[in-house]
Amino acid sequence: GDLDKVVNLLLSLSGRLARVESALGSLGPHAAAEDKVALREKQRLLVAQLEDAKELKEHVGRREEAVGAMVARYLPAEHLQDYQHFVKMKSALTAEQRELEEKIKLGQEQLRCLRESL
């Protein structure tokens, strides 16, 4: 559960940071200074939060290793491999699900903009 939460947090922060950086890149030379300052401040905060989330993921990873070692004492080798595969795939599938959700949101936003422009 904690691993899912941390992966979702990392993906969320990465997505938000990408959107802020995209917004910064799309600001023209005549954009208001307040807008640039606000976006740079958001960027700074998101970078700091992302670093904190990475540290949290490392902590969860260490805890996962400790749990894995404990589980290894009680499970036969075949079941242990299944457990390890499950944990690895759960993180990968969570990341993939989040990526697909982001793509769906982007597609819906693009579709809305196209409809508005027509």
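Assorted remarks:
- Solvent exposure of the chain amounts to 77 Å² per residue of accessible area, where only protein heavy atoms count and the probe is 1.4 Å.
- Cβ-defined net charge surrounding Glu101, 15 Å radius [Lys, Arg +1; Asp, Glu -1]: 0
- C-alpha long axis of helix 2-26 to longest principal axis of the chain, angle in °: 20 degrees
- MRE, 222 nm, helices only [DSSP H, n ≥ 4, -39500 (n - 2.57), over the chain, to nearest 500]: -33500 deg cm²/dmol
- Over the range 77-117, the Kirkwood radius and the radius of gyration, each from Cα atoms, give a ratio Rg/Rh of 1.43.
- Between the Cα long axis of helix 77-117 and the first principal axis of the chain there is an angle of about 10°, rounded to the nearest 10.
- Applying a threshold of 18 Å to the alpha-carbon distances of Lys5/Lys88; Lys42/Lys105; Lys57/Lys90; Lys5/Lys57; Lys5/Lys54 flags Lys42/Lys105 as lying beyond it.
- Share of carbon and sulfur in the accessible heavy-atom surface of the range 15-106 [1.4 Å probe, %]: 58 percent
The values are calculated or read from the model by the stated rules, or taken from the named source; none is laboratory data. Here the structure is a predicted model, which means the values were calculated and not measured. Every residue, glycine among them, receives a Cβ derived from its backbone with ideal geometry; neighbour counts consider all protein chains shown. Ligands, DNA and RNA are excluded from the accessible area calculation, which covers all protein heavy atoms including side chains. Shrake-Rupley method; radii C 1.70, N 1.55, O 1.52, S 1.80 Å.
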